[in-house]
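S.K.: First the structure, then my questions, so here it is.
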Amino acid sequence: MSGRLEHAIAAFLRQEFGASVAAIIGFVDILIEDARRHDLAEFVSDLERMREAGVQLSTLIAQTVASSQGGEGETARLRHELRTPLNAIKGYGELLVEEARDAGQDALLIDLGKVLDLADRLLGEIDRIVEAAAAPPIAMVGDMLQTIRPLGDGDVPDPRAGSSRILVVDDNASNRDLLSRRLVREGYCVTAAENGAAALALTAAANFDLVLLDLMMPGMSGFEVLCRLKAEAGTRHIPVIMISALDELDSTVRCIEAGAEDYLPKPFNPVLLRARIGACLDKKRLVDELRIEQQRSEALLLNILPRPIVERMRQGEQAIADRIAEATVLFSDLVDFTSLCASLSPEETVGLLGLLFSQFEDLAVRHGLETIKTIGDGYMVTGGILEPRPDSAVAVAEMALSMLDIVERARRATGKDLRLRIGMHTGGPIVAGVLGTHKIAYDVWGDTHGNLWPPRPRPRLRGDPPGIGRRLPLRAARPARRQRQRVDGDLFRLSARVTVASSTR
């Protein structure tokens with residue numbers, strides 16, 4: 001039998017029969033904590049004796065596994081010795097059950113009952129423990145080992161290592177150099193820092209995939225560096241492995257609580273370190289991919305819905321519907337664009353609309369307006385719906401003039417008959433909200449919106465360009481005198497390039 005198989009069989013037997021003993025010790029530890037918390041000193045001494053018996057039992061099971069090749073006399077002795085600590089656990093446990101009932105300590109009875117059940121189960125399994133140790137399941141363990149390749153058989157550096165940047169932080173130059181050299185041999189790109197301040201400066205200036213951080217350093221300790229890394233939004237995503245000669249449970253737990261991915265004692269095992277580094281980097285790659293997908297989803301969602309609406313949905317708001325007292329709506333479309341499409345390829349059609357609409361969207365951002373939707377060659381933008389603003393009509397009118405300039409430049413550049421008609425209405429009230437569950441959309445309704453969409457044909461007015469067909473008139477709700485002066489006064493100058501038909505309702 002090979003040494004590896006022998007070791008695996010011993011581990012299997014320890015797991016098979018040691019789990020119940022570990023559970024007994026664990027429940028007794030909880031009982032000791034509860035007894036001390038409730039000032040039940042008379043229970044603590046017997047519970048500590050039960051724990052000592054559990055530890056003794058664990059040692060005996062390990063000896064039983066190790067002596068699997070012993071003769072009948074040895075196995076008989078072990079059978080006898082295994083029963084001694086089990087009987088002690090049962091005896092003290094039964095006494096404590098009676099005392100707990102007499103003292104009205106029902107809270108202890110549940111865990112005491114679990115300990116006694118485990119002890120009974122182990123008493124019934126003593127013969128099986130000894131027999132299994134004498135004739136272990138070699139075939140089953142051997143089959144399992146065949147699926148796990150031994151270390152050193154064809155191990156090569158991870159081909160992804162070259163793209164991974166690791167920061168090594170240690171105040172000891174020899175330790176720093178040794179660890180860096182080892183990682184470079186594995187194919188990683190390594191940067192070293194001699195103290196915590198240097199590590200923080202490096203992580204603020206460059207991107208790292210992993211930090212190997214010494215815990216005990218003069219000045220700023222590794223724990224403080226860890227806490228500061230995890231407190232900053234730009235560095236909290238970097239995994240950190242603590243490496244320290246301080247092999248202490250408290251330090252390990254506190255580092256993990258503070259955000260460390262792992263904690264390795266010095267001197268570190270190179271094989272184990274390699275495995276931990278590989279696992280951390282794999283995890284980070286998955287997290288980075290998830291973050292990228294979240295950013296793409298965020299960008300896609302913001303292409304569909306305004307940012308304030310997205311934020312309200314994130315906060316759990318289900319039915320988003322608002323009534324706006326007054327706002328300004330602009331709707332535009334290209335004149336006879338359907339006929340123009342017939343002379344263009346699909347790629348040219350989409351490219352032309354994409355060029356125009358992207359410039360319209362830039363204008364909307366510049367003027368603090370919100371693009372609501374596009375329908376074919378129609379484009380709709382609003383002002384004062386998501387956030388009240390008294391100058392919404394002015395901002396939308398300024399954008400409308402800039403949109404005409406954009407289309408005119410596109411007409412000259414392409415040689416196509418591009419003409420834009422624009423309708424603008426200011427007033428209210430308007431209702432706005434989100435529709436749909438699978439394909440969601442943000443839309444507006446009301447008189448202001450209804451005056452512009454769908455466009456209605458009207459008789460040609462004097463001065464209309466030939467072939468204009470239907471157009472969207474600029475309508476203004478009855479604004480206050482001051483607002484009318486702002487729109488019709490010095491801020492805007494009418495020109496001959498567009499005929500404006502006004503109407504009030």
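The values are calculated or read from the model by the stated rules, or taken from the named source; none is laboratory data. All figures in this text were calculated on a predicted structure; none of them were measured in a lab. Here Cβ is always computed from backbone atoms with ideal geometry, including for glycine, and neighbour counts include all displayed protein chains. Areas reflect the complete protein model, heavy atoms only, side chains present, ligands, DNA and RNA absent. Shrake-Rupley method; radii C 1.70, N 1.55, O 1.52, S 1.80 Å.
S.K.: Please express the Cα-Cα pair-distance distribution P(r) of the stretch 359-412 as a list of whole percents, one per 10 Å bin, running from 0 to the bin with the greatest distance.
M.R.: Computed distribution, short to long bins: 24, 54, 19, 2.
S.K.: While we're looking at this one, here's another question. Gap in Å between the Cα centre of the stretch 185-199 and the Cα centre of the stretch 214-283?
M.R.: 14
S.K.: Report relative contact order for the stretch 214-352 in percent, whole number only (criteria: Cα-Cα under 8 Å, sequence separation at least 6).
M.R.: On the way: 73 pairs, mean separation 20.5, N = 139.
This gives 15 percent for the stretch 214-352.
S.K.: Next up: Carbon and sulfur atoms: what percent of the 1.4 Å accessible area of the stretch 286-431 do they account for? Don't skip to the answer; put the middle values down first.
M.R.: Values: 4100 of 7700 Å².
C and S atoms contribute 53 percent here.
S.K.: Given charges of +1 on the Cβ of Lys and Arg and -1 on the Cβ of Asp and Glu, with all other atoms neutral, how large is the dipole of the stretch 220-329 about its Cα centre, in debye to the nearest 20?
M.R.: Numbers: 16 positive and 17 negative charges, 51 e Å.
In debye, rounded to 20, the stretch 220-329 gives about 240.
S.K.: Once the Cα gyration tensor of the stretch 186-312 is found, what semi-axes does its equivalent ellipsoid get, as square roots of 5 times the eigenvalues, in whole Å, sorted largest first? Please report the intermediate quantities before stating the final value.
M.R.: On the way: eigenvalues 205, 56, 40 Å².
Over the Cα atoms of the stretch 186-312, the semi-axes work out to 32, 17, 14 Å.
S.K.: Regarding the stretch 285-355, what are the three Cα extents along the principal axes, ordered largest first, in Å?
M.R.: Taking max minus min along each principal axis of the Cα atoms, the stretch 285-355 gives 47, 47, 17 Å.
S.K.: So what's the gap between the Cα centers of the stretch 31-48 and the stretch 347-387, to the nearest angstrom?
M.R.: After rounding, the separation between the Cα centres reads 73 Å.
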